[in-house]
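Report on the following structure.
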Amino acid sequence: MESRPLSSPTLDSRWFAAFAREHEAALHATAMRLCGNATDARDLVQDTFERGLRNLARYKVGTDGRAWLLTILHHLFIDRCRSRTRERRADVSAEDMEERIAAPEVEAAPAWASISPEQLREALEKIPEEFRTVYRLHALENRSYVEIAERLGIPKATVGTRLIRARRKLKELLMPQPPGEAEGT
């Protein structure tokens with residue numbers, strides 16, 4: 001018969017029950033942060049203890065028991081997240097997926113796509129010259145803000161402001177809002 005040193009505990013279910021009680025608060029706090037609700041957190045802690053007891057032979061006496069249990073808890077949480085993701089994907093049948101892939105929804109063309117170059121030219125003539133010039137140089141001649149600023153002798157920030165205002169005025173002219181409908185709603 002072998003004698004065991006007094007400092008080495010017997011790893012059995014009674015020892016594990018005391019070990020679990022010692023670390024339960026830390027596990028529960030971590031589980032609450034991960035799960036976001038008490039019911040799922042309690043289930044996660046319970047499953048952690050169950051897996052820890054089943055794998056007690058893998059625990060090395062003298063190592064950080066709390067870290068060992070937290071590792072088990074994190075792995076279980078990740079497994080649950082992956083399982084839920086697979087369940088959500090499994091809710092869609094293969095036939096539905098084929099149908100969605102084979103016949104994608106036809107998207108309506110944006111309202112600005114129907115504006116002709118002539119309409120744009122007409123609208124450009126209706127906005128003030130300072131905005132029109134900046135818009136033409138940037139949108140039609142592909143000039144940078146710096147080039148436009150140098151050419152017109154204005155600050156680069158002013159180029160940006162005028163371009164924003166030109167676009168806003170063009171939008172008002174080319175795509176007027178229906179009466180009673182506020183912009184952004």
Pair list, Cβ under 9 Å, 6 or more apart: the range 40-54 residue free of Cβ contacts under 8 Å to residues at least 24 places away in the same chain, other residue charged (D, E, K, R) and loosely packed, with under 15 Cβ neighbours inside 10 Å: ALA41/ARG33
Complete set of residues in the range 13-48 that are part of a helix (DSSP H, G or I) and small (Gly, Ala, Ser): SER13, ALA17, ALA18, ALA20, ALA25, ALA26, ALA29, ALA31, ALA38, ALA41
Residue match in the range 147-164 (condition: open to solvent by 70 Å² or more (accessible area, probe 1.4 Å), of a type outside the set (Lys, Arg), more than 36 Å from the chain's Cα centre (by Cα) and closer than 20 Å to ILE115 by Cα): no
The lone exception for ALA113 - which of (1) within 28 Å of the chain's Cα centre (by Cα); (2) at pLDDT below 85; (3) in a helix (DSSP H, G or I) it fails: (1)
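Just a yes or no: is a residue in the range 49-57 more than 22 Å from THR10 (Cβ to Cβ) and assigned to a helix (DSSP H, G or I)?
no
The values are calculated or read from the model by the stated rules, or taken from the named source; none is laboratory data. Only a predicted model underlies this, so the values are computations on that prediction, with no experimental measurement involved. In this analysis, Cβ positions are derived from the backbone assuming ideal geometry, glycine residues included, and neighbour counts consider all displayed protein chains. Just the protein is used for accessible areas: all its heavy atoms, side chains included, with ligands, DNA and RNA removed. Shrake-Rupley method; radii C 1.70, N 1.55, O 1.52, S 1.80 Å.
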